[in-house]
Amino acid sequence: MSQIHIAVIVGSLRQESFNRKLANAMIKMAPEDAVFTQIQISDLPLYNQDDDTNQPDSVKRLKAEILASHGIIFITPEYNRSISGSLKNAIDHASRPYGQSAWAGKPAGVLGVSVGAIGTALAQQHLRNILAYLDMPTLSQPEAFIEAKFSLFDADGNMSEESNEFIQSWLNHYLAWVRKHTA
């Protein structure tokens, strides 16, 4: 495979979220043979099964972007010990109608940033349960429960020197995971 296409889904809608900053910094760290694209989820209506036969254009776009990718990185915040409603909404849309899931077989990576000491550990565990049901092989190690500290990003939004090595290692493991599952 010459180029690997990775879709990045940020579970926070806030423009200045730590998770969006992580996504932006990680995209800059991608090797030349990897193309990363952030997928927008803020324009999705609330999932309603009545719409399965006539999905909105934003849902069709979401599903097409997922299907065009070799793998998906989920960068999730932790809201009330779980994933955000916006992320769950996107997952539900792209998995429907039943039997037409865009997620099936896509290698997944899960990480996230939170101000708490355990990062997004509980949200990630909930997300992993969902991804298992959706038939997405999910990278289990290394785990990435990142605490948002003042030293996480530099002034330009890049990973700080202190954090760069860990995130680069996670990214390398994930890309190897995708290659293994798409060979």
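We did not get these values from a lab; they are worked out from the coordinates using the rules stated. Keep in mind it's a predicted model, so treat the numbers as computed, not measured. Cβ: placed from backbone, ideal geometry, glycine included. Neighbour counts: every protein chain shown.
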Inset, instruction - For the stretch 18-39, enumerate the residues that are crowded, with 18+ Cβ neighbours inside 10 Å and more than 14 Å from the chain's Cα centre (by Cα). - result: Ala34
Inset, instruction - Scan Glu65, Glu32 and give me the residue that is without any contact (Cβ under 8 Å) to a residue 12 or more places away in the chain and not polar (S, T, N, Q). - result: Glu32
Inset, instruction - Output the qualifying pairs, or none if there are none: Cβ atoms under 7 angstrom, residues six or more apart or on different chains, first residue in the stretch 78-106 and touching a residue at least 60 places away in the same chain (Cβ under 8 Å), second residue in a helix (DSSP H, G or I) and not hydrophobic (A, V, I, L, M, F, W, C). - result: Ile83/His126
